[in-house]
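Below: one structure, written as structure tokens.
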Amino acid sequence: MKITREEVKKTAMLARLELNGEEIGRITAQLDNILSYVAKLDELDTSGVPAEPHFFGEANAFREDEEWPSLLREAALANGPHHNDAAFVVPRVIG
């Protein structure tokens with residue numbers, strides 16, 4: 001087995017997921033199957049395959065920077081539920 005129930009429980013706790021015993025068992029089995037399948041890739045002989053950063057041989061395929069007009073402040077603030085005419089107003093999260 002590649003993953004244990006304890007690892008699934010810890011991951012669920014870190015992700016703030018509440019899982020019951022049945023769900024933990026099912027997810028443990030599913031993740032174990034996935035990890036076992038992915039581990040089969042380790043069996044491939046890739047010694048003759050060159051490391052390529054891009055499959056199609058493209059390098060630095062970025063678009064040129066272009067200037068665009070900014071959204072007006074009033075229009076941007078209209079997208080939020082609360083604002084003070086200068087910025088969005090959100091609940092304080094740090095005490």
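What follows draws every value from the coordinates through simple rules; no lab data is involved. Model, not experiment: these values are computed from the prediction.
Here is how the numbers come out for the structure above:
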quantity	calculated
Histogram of C-alpha separations across the range 1-41, 10 Å bin width, %	32, 50, 17, 1
Whole-angstrom gap from the range 63-82 to the range 27-54, using each part's C-alpha centre	43 Å
For the chain, calculated [θ]222 nm from helices alone, where every DSSP H run of n ≥ 4 adds -39500 (n - 2.57)	-11000 deg cm²/dmol
P(r) of the chain over all Cα-Cα pairs, binned every 10 Å from zero, in whole percent	11, 17, 14, 22, 27, 9, 0
Rounded to whole Hz, the Karplus (6.51, -1.76, 1.60) HN-Hα couplings of the range 16-21, x for glycine and proline	6, 9, 9, 10, 8, x
Under 23 Å from residue 40, Cα to Cα: lysines that are on another chain or at least 8 residues apart	2
